[in-house]
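Read through the structure below, which is laid out as structure tokens, and then see the notes.
The values are calculated or read from the model by the stated rules, or taken from the named source; none is laboratory data. Since this is a predicted model, take the numbers as computed values, not measurements. Neighbour counts are summed over all protein chains in view; Cβ atoms, including those assigned to glycine, are modelled from backbone coordinates with ideal geometry.
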Amino acid sequence: MSADIIDGKAFAAGLRGRVGEAAGAFAKAAGRPAGLAVVLVGEDPASAVYVRSKGKATVAAGMASFEHRLPADTDQATLEALVDQLNADPAVDGILVQLPLPRHLDADAVLLRIDPDKDVDGFHPVNAGRLASGLPGFVPCTPLGCLMLLRDRLGDLSGKEAVVIGRSNIVGKPMAALLTADSATVTLAHSRTRDLPSHVGRADIVVAAVGRPNFVRGEWLKPGATVIDVGINRVEGGLVGDVDFASAVEVAGAITPVPGGVGPMTIAVLLRNTLVAAHRRAGVPLDDATL
Ligand code: GUN
């Protein structure tokens, strides 16, 4: 038997369409478009591609895009001064500083400097704390996109056994918090976890975010499990996920492909978070049930 393929690309296109409609309504109500500022330091080619596609998607959704490109040798004070300026700019609802930053810069200090209410990446410790405490804030885009795909596929997640593999601040930890808030029973596995296959074998939901190509084997899975593959690993012959797709597709009930699964969700959720930020800042109510 072969698993259903979860079409993240199609889901993301739908979300972007809904965000675009809501962004038009926001611009009318507020008398200005929602605005997203993206900061890129240096010339890392992959980051430059991400930043360009974020800018294009922002404009396509009817929002204002502010791109700030700084040279690779920018110092900490200059970068933090730009963040201060964006924090104070009323046309800017969301701020994203593209990671990774050049090694001489202190990324944690930069993220701390961002106004938590403009932190559409959800990386500020205040937003991590809000998520952990069940308070409204901003949730990192990739795990929120994964949650949307899971709810779409499974409906109510209450009581499901979920195993998240990888404990990063950007994906694993917030993913575990989101699943917990949806009343799943969550195991957060990582590089020191003993007998990972036995944990994975109990899971109705597997989220793999370890950054190791083809790491999770189909033989580990419980038949019918829903598998979300966050990995994007460049190997000879193209891109592969953290899940060995060929073996997993024979056992899982549903699985995200790489590419075309989780990847397209990240930018769509970034636009959604920016629109939510704009509504909160402008005091315009938003029915975000559809977003
Ligand atoms: N680098 C790769 N993905 C991301 C992301 O989602 N946000 C930021 N700020 N940097 C990234």
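Report the residue count in segment 54-80 for those that are surrounded by 12 or more Cβ atoms within 10 Å (Cβ to Cβ) and not in a loop (DSSP other than H, G, I, E, B).
18
Looking only at residues in segment 79-91 that are of a type outside the set (Asp, Glu) and more than 11 Å from VAL39 (Cβ to Cβ), which one is nearest to the ligand (Cβ to nearest atom)?
ASN87
Can you tell me how many residues in segment 24-41 are away from the ligand (no atom under 12 Å from the Cβ) and surrounded by 18 or more Cβ atoms within 10 Å (Cβ to Cβ)?
4
Filter segment 138-161 down to residues that are on the phi < 0 side of the Ramachandran plot and assigned to a loop (DSSP other than H, G, I, E, B), then give me how many there are.
Result for segment 138-161: 7.
Within segment 92-112, restricting attention to residues that are more than 27 Å from ARG32 (Cα to Cα) and of a type in the set (A, V, I, L, M), which residue is nearest to the ligand (Cβ to nearest atom)?
LEU99
For segment 238-251, give me each residue that is hydrophobic (A, V, I, L, M, F, W, C), touching a Pro at 6+ places or on another chain (Cβ under 8 Å) and buried (at least 18 other Cβ atoms within 10 Å of the Cβ).
VAL240, PHE245, VAL251
VAL164 passes all but one of (1) within 16 Å of the ligand (Cβ to nearest atom); (2) not in a loop (DSSP other than H, G, I, E, B); which number fails?
Unmet for VAL164, out of (1) within 16 Å of the ligand (Cβ to nearest atom); (2) not in a loop (DSSP other than H, G, I, E, B): (1).
Please enumerate the residues belonging to segment 222-273 that are among the acidic types (Asp, Glu) and in contact with a strand residue (DSSP E or B) (Cβ under 9 Å, 6 or more places away or on another chain).
Scanning segment 222-273 gives ASP229, ASP242, ASP244.
Taking the residues in segment 173-196 that are at pLDDT 95 or above and hydroxyl-bearing (Ser, Thr, Tyr) as candidates, determine which candidate is surrounded by the fewest Cβ atoms within 10 Å (Cβ to Cβ).
If we take residues in segment 173-196 being at pLDDT 95 or above and hydroxyl-bearing (Ser, Thr, Tyr), then SER183 is surrounded by the fewest Cβ atoms within 10 Å (Cβ to Cβ).
Could you go through segment 257-264 and let me know if any residue there is surrounded by fewer than 22 Cβ atoms within 10 Å (Cβ to Cβ) and more than 16 Å from the ligand (Cβ to nearest atom).
Yes - at least one qualifying residue is present in segment 257-264.
I need every pair where a residue in segment 113-139 that is more than 16 Å from ALA181 (Cα to Cα) and among the basic types (Lys, Arg) has its Cβ under 9 Å from the Cβ of a residue that is more than 15 Å from the ligand (Cβ to nearest atom) and in a helix (DSSP H, G or I), sequence separation at least 6 or different chains.
Close Cβ pairs (under 9 Å, with a partner that is more than 15 Å from the ligand (Cβ to nearest atom) and in a helix (DSSP H, G or I)) amount to ARG113/GLU80; ARG113/ASP84; ARG113/ASN87; LYS118/ASN87; LYS118/ARG281.
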